[in-house]
Amino acid sequence: MRSRTERTVLTAIAIVVVAAAAAAWWTRDAWLPQAGPWSEQMWKKITRPGPDTLPPDKRPAQAQPTRSGASTPAAPQPRKCVKDGRTTYTDQPCPKGTQELPVDGAVTSLPP
């Protein structure tokens, strides 16, 4: 059981939180237009992190920093091949009879 002081402090904190939520809801027309784009951008960054958050060995070639003096061969571009509703991803040209489509999103690794 909590002491009287603890209950008082926790009750005061709960009242302040409810009052702040009510004030934010009441004045949302004033601050929501400015906070809306920012919150959407932050939500996208949180839920869809970019290539800079990947481990160094899994980063796409264009996201890796260039090393001076070291020349590395260009990584092959991934291809999306579709035939009869079946999709295959490869770094080679698509086989005959398949339709090559643009790759949606980012491909982080290809089989060797």
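Quick look at the values:
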read-out: Enumerated strands (runs of 3 or more DSSP E) restricted to the range 27-108, each holding at least 1 residues that are aromatic (Phe, Trp, Tyr) and either open to solvent by 80 Å² or more (accessible area, probe 1.4 Å) or modelled with pLDDT under 80 (or both); value: 86-90
read-out: Members of the range 1-26 that are of a type in the set (Val, Ile, Thr) and surrounded by 10 or more Cβ atoms within 10 Å (Cβ to Cβ); value: THR8, VAL9, THR11, ILE13, ILE15, VAL16, VAL17, VAL18
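The values are calculated or read from the model by the stated rules, or taken from the named source; none is laboratory data. Bear in mind the structure is a predicted one, so any value in this text is a computation, not a measurement. Backbone-built Cβ (ideal geometry, glycine too); neighbour counts: all protein chains shown. The area values use the complete protein model at the heavy-atom level, side chains included, leaving out ligands, DNA and RNA. Shrake-Rupley method; radii C 1.70, N 1.55, O 1.52, S 1.80 Å.
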